[in-house]
Amino acid sequence: MTMLYPEVKVAPPGPNARAIIEVDQRYSSPSYIKEYPLVVERGEGPWVYDVDGNRFLDFMAGIAVASTGHSHPTVVKAIHDAADRFLHICGTDFYYDAFSRLCERLASVLPEMGPKRVFLTNSGTEAVEGALKLARHHTRSQYVVAFKGGFHGRTMGAISLNSSKVAQRAFFGPLLPGVIHIPYANPYRCANGCAPHACGDACNPALMLEREWFVNHVDPREVAAIFVEPILGEGGYVIPPASFLQHLRRICDTHGILLVFDEVQSGIGRTGKMFAAEHFGVMPDILLSAKGIASGMPLGAIIARESVMTWPRGSHGSTYGGNPVCCAAALATLDVVEGLLDSVRDTGEHLLRGLRDLQTRFPVIGDVRGVGLMVGAEFVDPATREPASAYVSELEQLAFLKGLLLLSCGKSTIRFAPPLVVGKHEVDVMLRILETCLQELALPVASTLPRPAAAGVKI
Ligand code: PLP
């Protein structure tokens with residue numbers, strides 16, 4: 001097998017890329033972020049080719065979506081075959097085989113949850129939105145608990161749950177009332193100011209919910225659900241202690257509240273298990289999936305205990321949700337991902353070891369954490385441990401120029417979320433490029449300054 005490496009023949013953005021960016025910048029919505037001027041022509045496995053013939057190593061998978069790698073032949077064939085048959089008939093009103101089979105398949109994940117039912121959506125945010133409706137409908141209660149640093153999407157209900165970047169909420173109000181935000185359990189940055197990784201259970205924000213919020217602010221009988229990412233995604237790839245999720249489960253059981261795991265980013269094999277819940281031994285009442293579920297085709301899912309998905313005929317639906325081509329892509333994706341789980345765990349450990357080795361030599365890396373191929377490195381000002389946001393932005397840009405696609409999250413974390421098909425060779429190539437970037441970049445000064453505005457290229 002030939003070993004591939006990134007190849008940057010024309011400094012990006014090259015002339016073909018510039019022409020496309022120019023049109024985009026003239027006509028597309030200014031709300032798009034455009035992290036760096038990558039203009040994609042095609043992809044294959046973990047490799048992405050731009051319109052000027054450059055080859056990039058992808059360690060962000062289109063925001064943790066290209067689970068099976070770019071254009072995996074099994075997934076592409078399933079899409080072709082489905083498209084040849086029919087493109088649409090509407091799963092809300094009629095029946096087709098791929099829709100029923102996908103619901104059956106997703107109802108069989110996490111057997112400890114017991115019998116389940118599935119609602120198919122087009123995206124993660126729609127899964128969140130539907131789960132909000134389901135939780136209120138089932139419990140007849142109105143409040144929901146969400147977490148600081150959490151991200152759940154861009155629709156009105158989802159942005160009401162978000163608490164990671166103010167720009168996602170600013171001037172869109174009034175948002176959904178009755179959302180209670182409490183701190184997420186972050187072992188590196190404890191809300192009570194403990195030293196990194198030194199907290200005891202007393203700092204557990206779940207206990208704060210019980211001892212403070214449910215005593216002083218809201219009667220738990222009026223709380224419909226707790227929405228939590230079992231591993232914080234956009235908020236910085238934070239792995240909470242298992243006791244955080246265990247306490248949330250106990251609190252939900254005590255008060256008849258629904259526990260909703262938003263596994264839009266952490267699910268579908270990303271952590272080396274099909275869902276991150278399996279690492280913590282805690283089962284939710286409602287499990288949300290999207291992103292990697294169909295390798296990039298738009299699909300999401302609300303997977304709920306049968307005893308919870310009690311809304312009646314006509315109470316929720318979708319014209320496109322569970323489109324036949326997307327369902328076929330999802331069924332093929334699940335087959336491929338099931339075969340990758342061992343390798344994800346193994347490659348993930350190799351990646352963690354490599355990053356921890358870099359951490360010993362580059363004090364700008366404050367924390368390295370991860371499970372499987374959901375790995376984050378938090379960059380800090382070595383003197384103050386404040387987030388080095390501007391540094392991370394420069395690092396992302398420099399890596400891109402060297403043929404490595406990275407994406408930040410949180411205030412100053414680089415997430416390593418490659419397609420699940422990467423192996424040790426790709427990890428080693430990535431680590432070498434990263435090391436070169438760290439050698440070239442000046443240490444952060446005034447790193448508490450906000451991140452520079454979107455790095456969209458000026459042409
Ligand atoms: N939930 C989580 C945890 C996410 O990370 C995201 C997207 O990043 C969403 C929901 C929203 O998904 P989508 O962009 O498909 O609407």
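The single condition among (1) within 13 Å of the ligand (Cβ to nearest atom); (2) part of a loop (DSSP other than H, G, I, E, B) that GLU129 does not satisfy is (2). Beta carbons closer than 6 Å, at least 6 apart along the sequence or on distinct chains, never pair a first residue in the stretch 148-165 that is under 13 Å from PRO183 (Cα atoms) with a second that is modelled with pLDDT under 95 and acidic (Asp, Glu).
Which condition from (1) away from the ligand (no atom under 11 Å from the Cβ); (2) in contact with a Phe, Trp or Tyr (Cβ under 7 Å, 6 or more places away or on another chain) is the one that GLU263 breaks? With respect to (1) away from the ligand (no atom under 11 Å from the Cβ); (2) in contact with a Phe, Trp or Tyr (Cβ under 7 Å, 6 or more places away or on another chain), GLU263 is out only on (1). In this structure, ASN192 does not qualify as in the same structural domain as VAL260 (by TED's automatic domain parsing), away from the ligand (no atom under 16 Å from the Cβ) and in contact with a His (Cβ under 7 Å, 6 or more places away or on another chain). Just to be sure I understand, how many residues within the stretch 275-324 are within 16 Å of the ligand (Cβ to nearest atom) and in a loop (DSSP other than H, G, I, E, B)? The total comes to 12.
Remark: pairs (first residue in the stretch 407-422, under 25 Å from GLN168 (Cα atoms); second residue at pLDDT below 95; Cβ separation under 9 Å; 6+ apart in sequence or on different chains) = SER408/ARG451; CYS409/SER164; GLY410/SER164; LYS411/ARG451; SER412/PRO444; SER412/SER447; SER412/ARG451.
Look at (1) surrounded by 18 or more Cβ atoms within 10 Å (Cβ to Cβ); (2) under 18 Å from GLY267 (Cβ atoms); (3) in contact with a strand residue (DSSP E or B) (Cβ under 8 Å, 6 or more places away or on another chain) and you find that ALA61 fails only one, number (3). In the condition set (1) within 23 Å of the chain's Cα centre (by Cα); (2) outside any loop (DSSP other than H, G, I, E, B), LYS34 is compliant with all but (2).
The values are calculated or read from the model by the stated rules, or taken from the named source; none is laboratory data. Keep in mind that what you see is a predicted model, and the values were worked out from it rather than measured. Neighbour counts run over all protein chains shown; Cβ positions are idealised from the backbone, glycine included.
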